[in-house]
Amino acid sequence: MGGGAAGTESDAQTSAPAGADPGQAAAEGGKAAVSDEQGEAAGQAGAEESPAKAAATAAAAKTVAAKRKEIFGPRKGIKSQTVLVVGGGIAGITAAIEIAETGFDVVLLEQGPALGGRVTRLNLYFPKMCHPNCGLEINYQRIRNNRRLKVMTMSQVLSVAGKAGDYKVKVRTRPTYTTRDCNGCGECAKVVKKKIPNRYNYGMDKMAAAYLPHEHAFPMRYVIDPGVKGTADAKKLEKACPAGAIDFGQEDEEFELNAGAIVWATGWRPYDARKLEVYSYGHSPDIINNVEMERLASHDGPSGGKILRPSNGKEVKKVALIQCAGSRDINHLPYCSMICCLASLKHAAYVREQHGDAEVDIYYIDIRAHDKMSQFYERVRQDEKIKFIKSKPGHIDIGEDGRPVLCGERTIDREIYAEPYDLVVLATGMEPSLNGSSAPDGISRDEYGFVVDDGGQFSAGVAGGPFDVALSTQSATAAALKAIQAVRGGVS
Ligand SMILES: Cc1cc2nc3c(=O)[nH]c(=O)nc-3n(C[C@H](O)[C@H](O)[C@H](O)COP(=O)(O)OP(=O)(O)OC[C@H]3O[C@@H](n4cnc5c(N)ncnc54)[C@H](O)[C@@H]3O)c2cc1C
Ligand code: SF4
Ligand code: SF4
């Protein structure tokens, strides 16, 4: 996996030096390849057939080429047929593969060091409750096998100018300080002294400053934190690397890329639970959000997959899950985030599988378990240790023993409660990741920040609305089709 992955990424990077145009380069490469195949077909025919037949075959090949150009070639005003996909999560990966497998050139930009997005950080994912990286690995194989698809990690869009059929996009690529010769041996991680917060685990633990983004990373290449450059650690790393794959001479690179259409697949981030002051997030390590719960349950998470109290590492006996933490609230996210009811049902199941005598209380307004997932909801309801309490807790106190205490009123019997728990999980919603970031001008977005299609720029996945993985991939396929129509110029 490592060699191919690194190759894919490096090819894209080396074809895009500062000031060059990888979008155009990719498009030109694609056209040349089509002509070569046609030339070869005509040549073979000539060797085996009479001159008259060979001429007829060559003429037929020309007709096919002309027909192909007529069908797939750009209409007037389309300057580039390359599609730029921004964001390498499941939606961006899906859109990029669909477009490339249809025969169009694609550049897939990802701001982080590896593809996969937030799905890679889930423990298991519904509906099948399988490991998320199984499905992703099949997609990585399709990327490796497709020469029309260029992946560029550590890359972000700085600005977009132009219009459908003719965008000029400024991109910045940050260094990893490793080269494509990195073989993933991990020697650098063994010798580096510096520790940094583990981003993959949402900062719940620390990791070495020379790291593989995660065990299934694509590309499988180590990254060195910029804080190591120029320190004593840097020299140790260079000495330890058996492949000579460390290069502290790398710098930020900026370049321009031409594209006929852009797919925004920039995804989401968890709503910032610190804004929910009444829930005391940040005041106790035992109050976490739902993405942290995924990491807590994961074998490569901060506690090796054991759901323990973050404050003292002890077993959890009583867990509360608070629904709609920030969602369906005009002061925070006014919309329903769609997946957090299902995520909490999953979290209740995680706890019950690990701790046979643990109790889980789910505080909810109403439970939204749609389609096939209603069966999963019914299954969870059968467990008598999982209670559904209709109430939105008013606030969380920290008890004298350090445990979080949920305070509020039950909606049905109007009973007032003050209930202590070992662990409280806030089911925070999904916010578009472009919110609050320096998103380039010229992207149409709705009142919540989700991307709205405009004829040349399209949304895929959660960049366009709160979706689960199945809906994200469906929307990505739709975006792929719209992007192809945009670079093709529509039917006439
Ligand atoms: C707690 C929780 C549990 C969940 N569990 C499940 C589940 O079990 N099953 C399920 O189907 N769904 C689940 N989901 C939903 C699932 O995570 C989303 O459907 C999925 O992540 C959507 O993928 P995406 O590609 O749209 O976005 P993301 O996964 O967010 O990927 C976006 C990618 O774009 C990159 N990016 C962002 N901005 C830029 C930029 N400016 N430039 C370049 N790159 C950028 C990011 O680094 C990221 O790699 C869960 C969600 C939560 C909150
Ligand atoms: S020591 Fe070198 S080859 Fe090995 S993982 Fe680190 S950078 Fe890659
Ligand atoms: S999915 Fe459930 S928890 Fe999430 S916002 Fe909607 S109702 Fe609330």
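The values are calculated or read from the model by the stated rules, or taken from the named source; none is laboratory data. Because the structure is a prediction, the values reported are computed rather than measured. Note that we place each Cβ from the backbone using ideal geometry, even for glycine, and neighbour counts take in every protein chain shown. All accessible areas refer to the heavy atoms of the entire protein, side chains included, with ligands and DNA or RNA removed. Shrake-Rupley method; radii C 1.70, N 1.55, O 1.52, S 1.80 Å.
Please specify each residue of the range 161-172 satisfying the condition of being buried (at least 22 other Cβ atoms within 10 Å of the Cβ) and either at negative phi or not small (G, A, S) (or both).
The answer is Y167, V169, V171.
Only one of (1) more than 30 Å from P74 (Cβ to Cβ); (2) in contact with a Phe, Trp or Tyr (Cβ under 9 Å, 6 or more places away or on another chain); (3) polar (S, T, N, Q) fails for T179. Which number is that?
(2)
Hey, among the residues in the range 109-150 that are more than 18 Å from T266 (Cα to Cα) and of a type in the set (K, R), which one's surrounded by the most Cβ atoms within 10 Å (Cβ to Cβ)?
This residue is R148.
Considering each of L109, L124 in turn, give the residue that is within 14 Å of ligand 1 (Cβ to nearest atom) and under 13 Å from the mean Cα position of the chain (by Cα).
None of the others qualify; the one that does is L109.
So how many residues does the range 269-299 have that are within 19 Å of G116 (Cα to Cα) and either open to solvent by 50 Å² or more (accessible area, probe 1.4 Å) or of a type in the set (K, R) (or both)?
Looking only at that region, the number is 3.
Those residues that are over 15 Å from the mean Cα position of the chain (by Cα) and free of Cβ contacts under 8 Å to residues at least 24 places away in the same chain, I need them from the range 195-222; list them, please.
Once the filter is applied, which keeps residues that are over 15 Å from the mean Cα position of the chain (by Cα) and free of Cβ contacts under 8 Å to residues at least 24 places away in the same chain, the range 195-222 yields K195, P197, G203, K206, M207, A208, Y211.
Got a sec? Which of I196, I246 is more than 26 Å from S311 (Cβ to Cβ) and hydrophobic (A, V, I, L, M, F, W, C)?
Answer to the selection: I246.
Can you pull out every residue in the range 61-83 that is surrounded by 14 or more Cβ atoms within 10 Å (Cβ to Cβ) and touching a strand residue (DSSP E or B) at 6+ places or on another chain (Cβ under 8 Å)?
Answer for the range 61-83, where residues must be surrounded by 14 or more Cβ atoms within 10 Å (Cβ to Cβ) and touching a strand residue (DSSP E or B) at 6+ places or on another chain (Cβ under 8 Å): I78, K79, S80, T82, V83.
Any residue at all in the range 92-100 that's open to solvent by 10 Å² or more (accessible area, probe 1.4 Å), over 30 Å from E378 (Cα atoms) and away from ligand 2 (no atom under 16 Å from the Cβ)?
Yes: the range 92-100 contains one or more residues that are open to solvent by 10 Å² or more (accessible area, probe 1.4 Å), over 30 Å from E378 (Cα atoms) and away from ligand 2 (no atom under 16 Å from the Cβ).
Cβ contacts < 8 Å: first residue more than 16 Å from ligand 3 (Cβ to nearest atom), restricted to the range 160-186; second residue modelled with pLDDT under 95 and in a strand (DSSP E or B), any location; separation 6+ or different chain. Result?
Filtered contacts from the range 160-186: no entries.
Could you tell me which residue of the range 209-237 is nearest to ligand 3 (Cβ to nearest atom), considering only residues that are open to solvent by 20 Å² or more (accessible area, probe 1.4 Å) and small (G, A, S)?
G227
On the given criteria, is E384 at pLDDT 95 or above and open to solvent by 60 Å² or more (accessible area, probe 1.4 Å)?
yes
Within the bounds of the range 391-398, is there any residue that is assigned to a strand (DSSP E or B), surrounded by 13 or more Cβ atoms within 10 Å (Cβ to Cβ) and touching a Leu at 6+ places or on another chain (Cβ under 7 Å)?
yes
Looking at V157 and the list (1) more than 16 Å from ligand 2 (Cβ to nearest atom); (2) open to solvent by 30 Å² or more (accessible area, probe 1.4 Å); (3) not small (G, A, S), which single condition is not satisfied?
(2)
Matching residues to (1) more than 21 Å from D422 (Cα to Cα); (2) touching a residue at least 40 places away in the same chain (Cβ under 8 Å); (3) more than 16 Å from ligand 2 (Cβ to nearest atom):
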{"position": "I330", "(1), (2), (3)": "yes, no, yes"}
{"position": "H347", "(1), (2), (3)": "no, yes, yes"}
{"position": "D361", "(1), (2), (3)": "no, yes, yes"}
{"position": "I365", "(1), (2), (3)": "yes, yes, yes"}
{"position": "K390", "(1), (2), (3)": "no, no, yes"}
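Could you say which residue among A470, A460 is within 9 Å of ligand 1 (Cβ to nearest atom), touching a residue at least 60 places away in the same chain (Cβ under 8 Å) and surrounded by fewer than 21 Cβ atoms within 10 Å (Cβ to Cβ)?
Just one listed residue meets the conditions, A470.
Being assigned to a helix (DSSP H, G or I) and open to solvent by 30 Å² or more (accessible area, probe 1.4 Å) is the filter here; which residues of the range 359-376 pass it?
S374, Q375
Filter the range 474-492 down to residues that are open to solvent by 40 Å² or more (accessible area, probe 1.4 Å) and of a type in the set (V, I, T) and give me whichever is nearest to P440 (Cα to Cα).
Per the criteria, the residue is T477.
Select from the range 441-453 the residues that are in contact (Cβ under 8 Å) with a residue 12 or more places away in the chain and charged (D, E, K, R) and list them in ascending order.
D441, R445, D453
What are the residues in the range 304-325 that are buried (at least 17 other Cβ atoms within 10 Å of the Cβ) and closer than 27 Å to H214 by Cβ, if any?
Across the range 304-325, the qualifying residues are I307, L308, R309, P310, V316, V319, L321, A325.
Mind checking whether some residue in the range 50-58 is loosely packed, with under 12 Cβ neighbours inside 10 Å and at pLDDT below 50?
No: the range 50-58 contains no residue that is loosely packed, with under 12 Cβ neighbours inside 10 Å and at pLDDT below 50.
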